[in-house]
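Read-outs throughout are calculated quantities, based only on the coordinates presented, and are distinct from any laboratory measurement. Since the structure is predicted, the reported quantities are computational estimates derived from the model, not experimental observations. Neighbour counts are summed over all protein chains in view; Cβ atoms, including those assigned to glycine, are modelled from backbone coordinates with ideal geometry.
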Amino acid sequence: MDGGVSPYSIMYYAFDVDTSPKDLVNIVKEYLDGIRRLRKNDRCYIFLDEVSAVKDWQRGIKRLWDQGRLANCTVVATGSNTIDIKTSSEKMPGRRGASNDVLDKIMLPMKFSEFVAAIDSDAKDLLEAHNLVSARVRHDLLMRMLDLSLDIEKLQPYVPMLNRHLRDYLLTGGIPRVVNEYLGTGMVGEDTFATYLDAILSDLQSLNRNQSTFKQLVRSVIKAIGSTSSWRSLQKGTDIGSPATVSSYVDTLQNMFVLSVFYRYSVESKRGLFQKDKKIYLHDPFYFHVLNGWIGGNQLSFDTAIRHLDSDINRGIMVEGVVANHLIRMAFNVSPRKRNFEYSDLLYYWRYGKDREVDFVYSDGAGVETPIEVKFQNSITARDLDGLINFKRHTKQKGAILLSKDRLSMEGECATIPVSLFLLLA
C-alpha cells in the first residue's frame, strides 16, 4: 500500500488443515467477485499464507487459472513445508507467469552479515560505510583476494568484535526468534528447541518418513560432519536397510534445507565425482543443536549446545559448516542462472592421495577454480597449506583462500583472512 496499491487490490488469507482445494477456489472467487467494481483494471495481489496446510492446494490454483480468474493477478503462496511448496508449484507448468527472476523465494535463516547487522549498530555502520550491503560488491572483494591485490588491513581492528559475534552465531544460528530469546535471556529454552524439532519431524511425517530411521541417520551424520563419508558408512551401525535408503533420506533433508552435501571435485572433468565419498554439513548452527540435543539423551538441549561449543575441535567443525552454507548462498547470489541453480554444479571438496585435501572448491563454470581451506585455530603452520598448494599445482590456478581464526595476510601462497571477516563478505 505504501507503493500506491489500493487496499481493495490486496487479499490475505491464512489457511488451516480443514481447508480443501475447492474451499481455496471459493475463497479467492468470493474476493475477486466482491472487489470487481472497486478494482477497476488494477493488478490484484493475493497472499495465501500456510497454503501447504491444504492438501493438493495447487489443484485449486490451477482451476482458477484455467477458468481465467487470475488474469492480472499476482498470487503469493507461502508455507512452512518447503518440499510441499516446491513440488506442488512444479505441478503447474505454464501457469506461473513470465519472469526473468527466480519465482521461488526461500526464506532462510539470517546469514552472518545479517545477524551482525541486526544485533550490533556499529557493525551495521561498518557494512554501510564500506558498501558491503551489496552482494555483488562483497563477491568482487572476495575475488580480488585471489590475486592478493585487496587492501583490507583496515578491517583488522574489527576482527575481535566479529569473532565474538561468531561465537554467538554458532549457538543461535540465524533464526530471529532464537536470536531474540538468547539476547534477551542469555539462553534458549527447551520449548524453543522442541518447536523447531517438531517442525522438522512434522514435515518428515507428512512425507511418510520413519522417525526412528531419521534419528539413527542423524546420529551417523553428526558423527561424520567435517569428514568424508559414503552412504554405506552412514548406514553402518544402524538398522537402516540399505545405502539407498540413506541417500533417499539425505535427499529429503536437502530439499528441506536442513543439510547440504558436497561431492569430491575432479580436476580432469571439472565436475563432481558422485560415486565417491561425500561431505555433509547442516545448514544452520541452531538446526545442528536441535538435532544434537534430540539424540543427546536427557540433558537440556541448551546445555548440550554450550558443552559442544566448549571444544575447540567442535567449534572448528561448526565453523566449517557455516562456511559451507555461506558459500552456497554466495554462489546463488552471483549466479546468472538462478531458476535452475544447483550448488552441486559449483561447489565441491577436493582430495589428492591419502592426506591432501581442500575443504571447498568453488568452480564458477568459467574456468576459475578457487580452493578454500578452513583453519579455525590459534596458529597456522606450513603443513596447513599443503592441500591448497597441491590443488594449485594440479590446476595451474593462481589464487587460494585460507580462512583463519584471526590472522590476516595478503601475501605468499594464498590470501589468509579471518573466517568471521570472510563470512561478513560472503
Given 264-277, 311-324, the highest-first ranking by average Cβ count within 10 Å works out to 311-324, 264-277
Spelling it out for residue 77: with amide H atoms placed in the peptide plane at 1.01 Å from N, the residues 5 or more places away or on another chain with amide H under 5 Å from its amide H are 48
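For residue 153 and residue 23, FRET efficiency with R0 = 60 Å and r from the beta-carbon atoms, rounded to 0.05?
Values: r = 62 Å, r/R0 = 1.03.
Result of the calculation: an efficiency of 0.45.
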Net length gained if the chain between residue 14 and residue 274 were fully extended (0.36 nm per residue, minus Cα distance) = 89.4 nm
Assuming R0 = 56 Å, can you tell me the calculated FRET efficiency for the pair residue 72 and residue 295, based on Cβ-Cβ distance, to the nearest 0.05?
-> 0.65
For the chain, find the longest principal axis of its Cα atoms and tell me its angle to the long axis of helix 386-395, 0 to 90°, nearest 10.
-> 70
Potential lengthening between residue 134 and residue 177 on full extension [0.36 nm per residue; Cα-Cα distance subtracted] | 13.0 nm
Per residue of region 135-143, in order, report the coupling 6.51 cos²θ - 1.76 cosθ + 1.60 (Karplus, θ = phi - 60°) as ³J(HN,Hα) in whole Hz, putting x for Gly and Pro.
-> 4, 5, 5, 4, 5, 4, 5, 5, 5
Apply 1/(1 + (r/R0)^6) to the Cβ-Cβ distance of residue 56 and residue 209, taking R0 = 22 Å, and write down the FRET efficiency to the nearest 0.05.
-> 0.65
Relative to the longest principal axis of the chain, what angle (0 to 90°, nearest 10) does the C-alpha long axis of helix 159-172 take?
-> 50
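How long is the gain from residue 309 to residue 368 if the chain were fully straight, where each residue apart is worth 0.36 nm and the alpha carbon distance is subtracted?
Numbers: separation 59, 0.36 × 59 = 21.24 nm, distance 3.51 nm.
Between residue 309 and residue 368, full extension yields 17.7 nm more.
In the chain, what percentage of the DSSP-assigned beta bridges are antiparallel, given to the nearest 5?
On the way: 20 of 39 bridges.
Counting only bridges with both partners in the chain, antiparallel ones make up about 50 percent.
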Return the distance in nm (one decimal) between the two label points of a simple spin-label model at residue 125 and residue 251, each offset 7 Å from Cα along Cα→Cβ.
-> 5.2
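In whole percent, what relative contact order does the chain give with Cα contacts below 8 Å and a gap of six or more residues? All intermediate terms of the calculation are to be shown ahead of the outcome.
Numbers: 589 pairs, mean separation 59.8, N = 426.
Once normalised by length, the contact order is 14 percent.
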Could you sort out which of 111/279; 276/392; 278/354; 223/279 sit more than 18 Å apart by Cα distance in this structure?
-> 111/279; 276/392
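Rounded if a/c is under 1.5, else prolate if a/b is larger than b/c, else oblate: which is region 112-425, with a ≥ b ≥ c the root eigenvalues of its Cα gyration tensor?
Values: a/c = 1.72, a/b = 1.18, b/c = 1.46.
Since a/c reaches 1.5 but b/c is at least a/b, the shape of region 112-425 is classed as oblate.
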Separation between the residue 382 and residue 345 pseudo-spin-labels, each 7 Å from Cα along Cα→Cβ, expressed in nm?
-> 4.2
Setting aside same-chain residues fewer than 8 positions from residue 270, which aspartates and glutamates have a Cα under 17 Å from its Cα?
-> 342, 345, 357, 359, 364, 369
Eligible lysines near residue 22 by straight Cα distance, threshold 22 Å, same-chain separation 8 or greater = 55, 62, 86, 91
Which angle between 0 and 90 degrees, to the nearest 10, do you get for helix 57-66 versus the longest principal axis of the chain when only C-alpha atoms count?
-> 60
With labels modelled as points extended 7 Å from the Cα through the Cβ direction, what inter-label distance (nm, one decimal) is found for residue 355 paired with residue 267?
-> 1.9
Can you list the residues, at least 5 places off or on another chain, whose amide H is less than 5 Å from the amide H of residue 10, using H built in the peptide plane?
-> 45
